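Take a look at the structure below.
Any read-out appearing in this document is the output of simple, stated calculations on the displayed coordinates, not a laboratory observation. Owing to the predicted nature of the structure, the values given are computational and were not obtained by experimental measurement. As a convention, Cβ positions derive from the backbone with ideal geometry for all residues, glycine included, and neighbour counts pool all protein chains shown.
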Amino acid sequence: MSVTTSAEASAERVDLGLLAVGLEERFALSVSLARGEGGIALSITLREASRLPALGKFLFWEAGCSWGGLIVEELEAHWRLSYVFLAPGSGWVEVLLEIPGNAHSVPSISAEVHAADWHEREVEDLFGLSFEGHPRLGDFILHDQLWPEGVAPHRKPHRKAVDAQQAQLRHRPNPDWQPLLVVKDPGSFAMPVGPVYEGGTGESLHFLLETVGEDVVRAAPRLFYKFRAVEKIAEERGVMEGLLLAERFAATSAFAHSMGFSMAVERAWNLEVPERGQRLRVALAELERLRHHAGTIADICGSTALEVAASQAGIIEEELLRASCGLTGHRYFFGLNTPGGLTRDFDGAGLKELQKSVSKAARSLHRLEERLYFTSSFLDRVEDAGVVTPEKARDLNLLGPVGRASGQGHDLRRDCAYGGYENYDFAVPREKEGDGYARLRVLFEEAYQSAGLIGQALEHLEPGAVCGPLRAGGSGVALGWVEAPIGAALHWVRLGDSGRIERYRLITPSFNNWLGFHVAVEDFAFQDFPIILATFGLSATECDR
Amino acid sequence: MSFWFWHGLRNGIRTTGYPRVPETATGVSPGRPLATEFASAGEAATATAVCPTGAIVADGKTAAVVLGKCVHCQRCRFGLQQPVAWGEDYEWTTAGSRGDGFEPLPVAYRRSTHIMVVDAADCGACLREVKQLNNPFYNMHRLGLFLTATPRAADVLLVVGPVSENMRGPLVKTYEAMPAPKKVIAVGTCAITGGVFGRTFVSAGGVASVLPVDLEVPGEPPPPLAILHGLLVAMGRKPVAPRESYPTERTA
Amino acid sequence: MSARDWTNGALALFFLLSLSGLVLSKALRGSHSRRALVAFSCVCSVLMMLAAGAALFSGQGVEVSLWKIAGVGTLTLRLDMLSSIFVFTAGLVYLPASLYAGNLAQWRLYGHYPLRNYGVLHFGLMISVVVLLLAGDTLTFLIAWECMSILCYLLVNYEQSHRSDTRAGYILLAMGEAGFLAVVLAFLIVGHGATGWSFEALAAASKQLSSKAAWGVFLLGFFGFGVKAGLVPVNFWLPRSYTAAPSIFVPVLAGVTLNLGLYGILRLNGDLVPAQSPAMGMVALIVGSATALVGILYATTESDLKTMLAHSSIENSGIIVAGVGASLVFRASGALVPAAIAMVAALYHMVNHSVYKTLLFQGAGDIEATAGTRDMDRLGGLARLLPVLSVIFLVGCLSIAAVPPFNGFVSEWLTLQSLLRSAVLASPGERILFALCGAALALTAALAVTCFVKVYAMSFLGIRRGQWQPHTSASGGQARFGLAYLAIACLLLGVLPTYIIPVLNRAVEPLAGASAVESLVPPFFTATAANQELPPAFLEDFHNLGAQSGRRWMPGRGLVLLVRGSERNPVVFAASPAYSLIALALFLTVAWIAVRRGTRKRKVARKELWAGGIPRLLPQMTYTATGFSNPVRVVFQAVFRPNIVEDTRETVAVHFRTAIHRKREETHLVDRLVFHPVGDAVSWFARLLARMHHGRLNAYVAYSLGFLLILLLLYRLS
């Protein structure tokens, strides 16, 4: 297990000045550089759309940036596309491309930046904007079996459709739909799993396990059964309603996402979060991470049918949930974040209780990890399950614990510090094997680091306000980012003059990581499938939004 | 390997005494807003205005609560000068939209019921709470509740989430694949009234628009004990609160 | 009329009618030819059964002398008990096969081959088979064998339009000739000191054979006949020929000609030159067990229906030969009663195999005519299209998987039980080998169940996996009659073993030297003399247990016993298919009534298949035959040794996987170990010899001179 120290992190730093110089050299006439707004450090305006793939390749592969996401807006007369990259240690870099409103397609960068594959597919499904050179568009969010061709629900005319009385799209399953099967062996078949499966509490996902009988050659997941169009619902709503949506679309990371949204609004409206509010935010975010990882560990133990370990991890998770509820009044931290800080304060006794619960949980996790280390039957099952090599992880830009287990050391708390994290002393664990056991080790180590962070945050807590004054600041554009338990999440908002949300773009770590899942599930035994799913710990609801 | 045995023994029995005795540990339930008698109609109106989903309905100085719409944002608890009354209980199950009264499962199912859980686009919290029912604290197996993977062997259909368009078909298929007698329990505010997602072109706004619902367990999310209470009601081991106990008729 | 007259008359009428049938089916045209073929063939098969039946049930054989050839001897036809069993089985199988030969649906598949030629070959084969089985002297035997071999080749290559098919027939011919040569050599060795060519003379001469000569005769005869019987080192022609042969001929190929190899082994190594040392029997036992195991392994992993059934025939042949081998070992060790039991088991299995394999091949032919494909990966859902065939095919699958109350169960049980009697053998090495072979046969039985579950489920159940459209030109009523007749025969052979075993015993007694009836069919069921192995007190106990229950109203008390242990403490193994059939029927009826009464208030709702909530279960989402049997392929990887020929992964834009091509090739074990090495060696030797043929006349003259000199030298030296 290697742990990224600050020194190593700074070695991977991308210097914006050098980046700008490189851009000038290569793309002199096609780009113009400027300081970004709303949290973006460098904004690159691209004048020629045809140079987009080359620019993407330069930023991702040569400059060493990490992929953030694609933000598409349909404005009055044109499309605004913003490709967001992360320059570790320096901030966010954005490639701005504006194309006329009647344009139908944009060059695809997915041949160079493979992690952008799904982002472009999503835009095509929801906006109808095509990407030239993309290997596979269509049948992504709007399943071909159900949705007729040409429906672009996120486009302007559809704003009126977001209304209870107007759900008038009649869908009939398309009888001619055939799945895209990849294995061309004569005796192969594709076993369907889902969307309703897993003996109880699995999320709604569909897999086609292509197999020739003994082991599975390829498993292709089909997501977006849980698509609720959160981005669309948020339009024309106020900030406080948007906050509710941000909390509730993926409730196991509710605090992290609501913090991301709040930070975006704070940036757009120039709101200050007082010191105590920041420290409490850090403590609660890490508490959520600790509880989330305990739950993932319980799922991993359950998937290998080591029921005693699953029960013990379940006890830790439930105790943390109860501790959360005892302090904040809600087991999943609903209603805590608000633009400007937290909605309420906590007294010293409550915080001491919390500290005790956290220490106890960390100790229990230590004991559990030790026991698991000595259970060879368990290790046999998680080792070499769903291997993702470091090259593939870099290629597909895997985030969060999954990425870190395959050598991708990015963590927004370190690489693009927010909310006061630069003042804390913590380590970011990293592994190289990329198998299930590596992911499990990373989860444990991160949980311990979170417990340490909570201690640090609560240690020097000065009395004071937890929330700054909330002044609606009119129109603005801002990016909020947060390291959610599953990985880096981006919340991008454009607020209108009346303070209403005009566009809300939500880029979640599960959305990025599910693409990497395809790589991990080639050539494995049937029985390893639930284990690979559990060790990835991905959330379908976070991906589907 | 035997250390697991000692490890488990050393951790002791954590199981709650519910339903025999009420559970009083802290943190088992977020609680819920109760109908409140305010000092003035203005305060009641303020309470009504602060609720984002219209779960608080003012009638003069009294503010009644439609729990099926409450999304647990806690603004009426922590965001008001005069907060609403708050109850720390967890037995929230009411009869569903089915209309002809609620009948529990026959006597044969009192001690053994199989549950089919369908995730109809929920946020993850309700599903996680259902999952907690299997941990040592709640241990639903001791009450004869089991999860099945196939609807053919299921007696109770537990639906979480507001039913997205893509999950509507699978949900209906699951319901039709279950043999009678069967009960449908809508767990969570999203499954009852759509929660913050409401009724849109991709969300049906609750299970009631898709299936006949027998029981509703409100809350976002309802804690495991509330879900357990709902299941016990379905089995006939606990009485159900009738649908008409809300002062105003719910608008869906 | 005495039985002998019946036999003679039936035989004479048989030859007459078969020859006229041969002429008529060539002379007539169109549907008349077809009807003549079917009619005459059916009558001939009935006559075969009549002749053999009369001989068997009366216990009297016949002997007819034909022509006398100067310098060689008299050609005789002799129907003894062993021959009559084989003739009866052949007749049993030829009846439905004849009905099937007129199957219009099949003829539409190969429309441009004239039926008239088929009729000629068909009757020719029938005549040569009967003459072979009735042969009483070597020359008749060998001539009939050769005719049968060539006619088989012509029939297998009947549809010559596909190149791979002709290659199959060629291999059949080549192997057949090789086997024939070995057999001729064996006969020559025996006949070296014999007075004449008749079988009696050979039997007398065999007593003077030296040990080495006896071994030579055994090995040559065993492997020579083993070619036709489909034994392991020499059976690589079998799967190819069965797959290539037309569907109307394959039932005959599997049900009749396979048995001829067994007949040859029994005749030469059992009757004429009985195996003297137990080691010979061990060879037969080991070869038989290995054949069975290899056959079933390849059958389980094969997805072409006909090829799978061919491998299954290899498996069954192996079981029969294993039984024969056990019998030879017991006999050579002096344990005559176990020898008789083992031989009864082998003959019973031979009869059973003929019946159910014919049924399965006919069913496979019907499936091919309906679906247009034999690939089980593409079939599925036939139970709706062919309901009657699905029931009958199920009976066939159950029989071959040895499920009571059908016939496969009785013969497999008897074979395994006879192997268990190895305690009477003296040498521990022999006992260990018996145990190992018994284990191999048990594994074979288990794999057979897997294999036929796969066959039935993949062909008939589920949904249609391929793109074919059904041709529902059903096989006519006459072919259905044939199938039903075979299914009923399967049931009867399974339920009435106590009637079949005494009949088989008539042939077994001269071969094994003892009667098996007293051990297998207890005296309180038949009227034979009291058995010393069963003391009266034991009989009394058995009686009180209810062994006699139902004696008055149940005609066939199918209870088969094997007795072991001492007189004071007899140990009994019993199997009663008849009782189990009645118990099964009773149980099912009672259960059905109970369920109907108990659930009278319940309504049964019929809903769609549950598949996880997907809109429709597509055919590519259901199990294929390859997938079902893949675990077997993986477990026995050392046997199969698949070569991964192609494993390419295509991607677009580096990361987007579009296709994964995997192709696997497997060479059959026997091909790998025997056929290819032998072929390579022969090619090498031929290339070596080819160097001599360079075309220069002078060299050839030198060769002749050299050869003359060597001959003169040898003459001088001798």
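Could you work out the equivalent-ellipsoid semi-axes for chain A, taking the square root of 5 times each eigenvalue of the Cα gyration tensor, largest first, in whole Å?
33, 31, 24
Would you mind giving the average projected area, over all directions, of the Cα convex hull of chain B in nm² with one decimal?
Mean shadow area of the hull around the Cα atoms is 15.3 nm².
What relative contact order, as a whole-number percentage, does region A:230-544 give when Cα pairs under 8 Å and 6 or more residues apart are counted?
After rounding, I find 28 percent.
For region A:2-132, take the convex hull of the Cα atoms, compute a quarter of its surface area, and give me that in nm², please.
That works out to 8.7 nm², a quarter of the Cα hull's surface.
What's the local net charge at residue B:81, with K and R +1, D and E -1, over the other residues with C-beta under 15 Å away?
+2
If you average over every viewing direction, what projected area does the convex hull of the Cα atoms of region C:606-718 give, in nm²?
Over all viewing directions, region C:606-718 projects a mean Cα-hull area of 19.0 nm².
Quick one: putting +1 on the C-beta of Lys and Arg, -1 on the C-beta of Asp and Glu, what dipole do you get for chain B around its Cα centre, in Debye to the nearest 20?
I would put it at about 700 debye.
Can you tell me the relative contact order of region B:32-87? Whole percent, Cα pairs under 8 Å, sequence separation 6 or more.
This gives 43 percent for region B:32-87.
From a point 7 Å beyond the Cα of residue A:374 in the direction of its Cβ, which residues of region A:307-328 have a backbone N at a distance under 15 Å?
Under cut-off, by backbone N: A:309.
Would you mind checking the radius of gyration and Dmax of chain C based on alpha-carbon positions, in Å?
27.4, 104
Please give, to one decimal in nm, the separation of the simple spin-label points placed at residue A:102 and residue A:35, each 7 Å out from Cα toward the Cβ.
3.9 nm
Taking amide H positions as placed in the peptide plane 1.01 Å from N, state which residues far from residue B:59 in sequence (5 or more) or on other chains have amide H under 5 Å from it.
Answer set, sorted by chain and number: B:64.
In Å and whole numbers, how far do the C-alpha atoms of region B:32-87 stretch along each principal axis, longest first?
Each principal axis gives a Cα extent; for region B:32-87 these are 25, 20, 19 Å.
Take the alpha-carbon centre of region A:283-358, take the same for region C:312-359, and report the distance between them in whole Å.
About 72 Å separates the Cα centre of region A:283-358 from the one of region C:312-359.
Using the Karplus equation 6.51 cos²θ - 1.76 cosθ + 1.60 (θ = phi - 60°), what ³J(HN,Hα) coupling, rounded to whole Hz, does each residue of region A:366-377 give in order, writing x for Gly and Pro?
These are the phi-based 3J(HN,Hα) values: 4, 4, 4, 5, 4, 4, 5, 4, 9, 9, 5, 5 Hz.
Order of A:273, B:207, C:131 from fewest to most other C-beta atoms within 10 Å?
Least crowded to most crowded, the residues run C:131, A:273, B:207.
With the calculation restricted to Cα positions, what are the radius of gyration and Dmax of region B:130-206 in angstrom?
14.0, 42
I need the calculated FRET efficiency for the pair residue B:82 and residue B:111, taking r as the beta carbon distance and R₀ as 56 Å, to the nearest 0.05.
Approximately 0.75, to the nearest 0.05.
List, largest first, the extents of the alpha carbons of region B:118-252 along their principal axes, each in whole Å.
Sorted from largest, the Cα extents of region B:118-252 read 41, 36, 28 Å.
Evaluate the relative contact order of chain C (contact order divided by residue number), counting alpha-carbon pairs under 8 angstrom at least 6 apart; express in whole percent.
11 percent
Can you list residues from other chains, or at least 5 along the same chain, whose modelled amide H is less than 5 Å from the amide H of residue C:304?
Amide H neighbours of residue C:304: C:376.
Name the long-range amide H neighbours of residue B:87: under 5 Å, sequence gap of 5 or more, or other chain; modelled H, no Pro or chain starts.
Residues meeting the criterion, in which the H sits 1.01 Å from N, are B:32, B:34.
What lysines sit close enough to residue C:306 to cross-link, taking a C-alpha to C-alpha distance under 16 Å and skipping anything fewer than 8 places away on the same chain?
Cross-link targets: C:357, C:454.
In sequence order, what are the phi-derived ³J(HN,Hα) couplings for region B:33-44 according to the Karplus relation 6.51 cos²θ - 1.76 cosθ + 1.60 with θ = phi - 60°, rounded to whole Hz, with x for glycine and proline?
x, 10, 4, 10, 9, 8, 6, 9, 5, x, 5, 4
Relative to the present Cα-Cα distance, how much length would full extension add between residue A:497 and residue A:236 at 0.36 nm per residue of separation?
92.8 nm is the gain from fully extending residue A:497 to residue A:236.
With 10 angstrom as the radius, rank C:312, A:311 by how many other C-beta atoms surround their C-beta, starting from the fewest.
A:311, C:312
How long are the semi-axes of the equivalent ellipsoid of the protein assembly as shown, defined as square roots of 5 times the Cα gyration tensor eigenvalues? Whole Å, largest first.
80, 38, 30
Eight or more residues apart or on different chains, and alpha-carbon atoms under 19 Å: count the Lys pairs in chain A matching that.
5
From the alpha carbon gyration tensor of region C:620-665, can you work out the equivalent ellipsoid semi-axes (sqrt of 5 times each eigenvalue) and give them in Å, largest to smallest?
26, 16, 7
Using 1/(1 + (r/R0)^6) with R0 = 35 angstrom and r between the beta carbons of residue C:585 and residue C:453, what's the FRET efficiency to the nearest 0.05?
0.95
If neighbour count is taken as other Cβ atoms inside 10 Å, put C:488, C:286 in order from fewest to most.
Least to most surrounded, the residues fall as C:488, C:286.
Using the Karplus curve 6.51 cos²θ - 1.76 cosθ + 1.60 with θ = phi - 60°, work out ³J(HN,Hα) for each residue of region B:69-81 in order, rounded to whole Hz, and write x for Gly and Pro.
Per residue, the Karplus-derived 3J(HN,Hα) values read 10, 6, 9, 6, 7, 6, 5, 7, 9, 10, x, 10, 5 Hz.
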